[in-house]
Amino acid sequence: MSDNLLVKNARPMGGAAVDVLVTAGTIQRLAPSIAAPEGCPVIDGQNAILLPAFVDGHIHLDKTFWGLPWRPHEAGPTVPERIENERRLRRELKLRPDVQVERLARYAIGRGTLHIRNHTDIDTEIGLGNFEGVMAARDRLKGALSIQVVAFPQSGIVTRPGTSELLERAVKDGADLIGGIDPAGLDRDPKGHLDVVFGIAGRHGVGVDIHLHDPGALGALQLRLVAERTRALGLGGKVSVSHAFCLGMVDEVELGQLLDLLLENGIAIMTHGPGDRPVPPLARLHAAGVRVFSGSDAIRDAWTPFGNADMLERAMLLAWRNGFRTDELLHLTLDTVTRGGAAVLGLEGYGLDVGCSASFVIVPGETLAELVVARPTRAWVVSRGRVVAKDGECIL
Ligand SMILES: [Zn+2]
């Protein structure tokens with residue numbers, strides 16, 4: 001079997017057409033015309049656009065109902081109601097987390113996503129069952145997909161005694177990051193919640209990624225607490241806050257202060273462009289130099305009937321939700337679901353330059369902005385030099 005792959009006639013980031021020679025999983029050469037080495041498989045790029053693989057920086061693979069019969073949404077509108085509804089459904093449905101993870105991950109691969117950060121449910125009822133399922137599926141898919149695992153206390157920490165021990169066990173057993181959720185709004189004890197999260201991060205040297213749905217001043221206060229602890233532990237560059245709806249709710253003066261604080265402490269923001277909440281103003285964050293990334297969040301589970309693991313569609317939703325129309329701003333959304341995610345996840349060798357890992361997607365279209373608007377079927381997806389999807393279908 002050849003160690004090479006040649007892509008003919010594709011346009012990196014929508015620029016001029018080139019051929020791309022891949023050797024041993026790495027981009028070796030880009031040039032207007034490259035002859036195929038002996039026995040080398042060849043992909044005809046058909047003048048389509050070549051992008052680095054998409055990065056889904058916030059997803060919940062282990063709780064999806066993907067592949068199961070349609071289930072009408074039943075949860076109430078608040079976070080606690082949704083948590084309780086999910087706990088009830090989990091008891092009824094008895095999903096196999098590893099099976100669900102793999103189903104949805106394969107679908108994501110077909111859409112050109114090759115890097116994922118999964119917030120993995122851990123609580124006193126399911127223990128480490130979902131975590132073990134994610135780790136097993138991660139191992140099965142490792143030839144194609146990289147998954148960062150967040151130990152995520154979906155049901156709270158302080159209000160669920162026993163959870164902190166489980167979170168620490170998951171980190172000892174290989175979780176890459178420690179998660180958290182609404183230290184004030186859900187756990188009613190921001191100090192106690194953050195003591196556990198940052199305590200585990202400090203003891204084990206892992207990153208932090210906290211869900212923060214709490215609105216307005218309550219959310220802003222917690223961003224400040226997260227920044228204080230990040231600074232105290234020297235965790236700059238390893239801390240993310242997911243959602244941070246409060247950044248879309250505070251006034252201009254406070255927004256400026258909070259963005260300075262995020263920048264100074266190397267804290268990244270994940271936004272997925274929800275339809276019914278204020279969102280962090282993406283262009284403003286970018287202009288301030290704050291690192292921003294995106295993700296699918298919940299997909300067809302107890303939290304929402306929506307979602308399809310398509311990060312090109314996610315770029316469109318970010319644009320839609322932020323009121324973007326110009327090419328420049330549409331490019332920003334595409335950058336957020338590719339390079340932005342890669343930077344926050346710390347992916348090595350990411351990109352389309354010589355020497356980068358050959359993990360890319362080929363998408364038919366005229367310009368980058370048009371891709372965001374039209375979300376065409378992905379013609380080819382290549383992971384470290386290996387074709388893993390064709391015409392939108394994972395072929396692993
Ligand atoms: Zn989430």
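Structure data summary
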{"quantity": "Protection-proxy order for peptides 354-366, 328-340, 103-115, each taking the mean of Cβ atoms within 10 Å per residue, highest first", "calculated": "103-115, 328-340, 354-366"}
{"quantity": "Kirkwood-type radius of the stretch 243-373, with distances r between different C-alpha atoms, in Å", "calculated": "15.7"}
{"quantity": "The chain: mean projected area of Cα convex hull, nm²", "calculated": "18.3"}
{"quantity": "Shape parameters for the stretch 81-213, alpha-carbon atoms, Rg then Dmax in Å", "calculated": "14.7, 42"}
{"quantity": "Charge context of Val206, other residues only, Cβ under 11 angstrom, K/R +1, D/E -1", "calculated": "0"}
{"quantity": "Between 0 and 90°, nearest 10: helix 216-233 axis offset from the chain longest Cα axis", "calculated": "80"}
{"quantity": "Peptide ranges 238-246, 90-98, 193-201 listed from the most packed, as the mean C-beta count within 10 angstrom indicates", "calculated": "238-246, 193-201, 90-98"}
{"quantity": "The stretch 304-353: mean projected area of Cα convex hull, nm²", "calculated": "4.6"}
{"quantity": "Nearest 10 degrees, 0 to 90: helix 190-204 Cα axis against the chain principal axis", "calculated": "50"}
{"quantity": "Beta bridges by DSSP in the chain, antiparallel share as percent, to the nearest 5", "calculated": "40"}
{"quantity": "Cα centroid of the stretch 244-276 to Cα centroid of the stretch 369-396, whole Å", "calculated": "32"}
{"quantity": "Carbon plus sulfur fraction of accessible area for the chain, probe 1.4 Å, in percent", "calculated": "53"}
{"quantity": "Where the chain is the region considered: accessible area per residue in Å², 1.4 Å probe", "calculated": "39"}
{"quantity": "The stretch 164-234 pair-distance distribution - Cα-Cα, 10 Å bins, rounded %", "calculated": "21, 54, 23, 2"}
{"quantity": "Environment charge of His58, counting only residues whose C-beta is closer than 9 Å and scoring Lys/Arg +1, Asp/Glu -1", "calculated": "-2"}
{"quantity": "All lysines inside 21 Å of Lys63 as judged from Cα atoms, apart from same-chain residues fewer than 8 positions distant", "calculated": "Lys94, Lys142"}
{"quantity": "Peptides 301-309, 45-53 ordered by average Cβ neighbours within 10 Å, highest first", "calculated": "45-53, 301-309"}
{"quantity": "Computed over the stretch 1-145, Cα set: Rg, Dmax in Å", "calculated": "20.7, 61"}
{"quantity": "DSSP-defined beta bridges in the stretch 112-238 - what % are antiparallel, rounded to 5", "calculated": "5"}
{"quantity": "Shape metrics for the stretch 1-80, restricted to C-alpha atoms - Rg then Dmax, Å", "calculated": "20.6, 61"}
{"quantity": "Using distinct alpha-carbon pairs, which all enter the 1/r mean, Kirkwood radius of the stretch 152-197 in Å", "calculated": "10.4"}
{"quantity": "Rg/Rh for the stretch 84-157, where both radii come from Cα atoms and Rh is the Kirkwood radius", "calculated": "0.99"}
{"quantity": "Cα pair count fraction exceeding 19 Å, expressed as % - the stretch 229-303", "calculated": "36"}
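The values are calculated or read from the model by the stated rules, or taken from the named source; none is laboratory data. Computed from a predicted structure; not experimentally measured. No Cβ is skipped: glycine too gets one built from the backbone with ideal geometry, and neighbour counts run over all protein chains shown. SASA here: full protein model, heavy atoms, side chains in, ligands and nucleic acids out. Shrake-Rupley method; radii C 1.70, N 1.55, O 1.52, S 1.80 Å.
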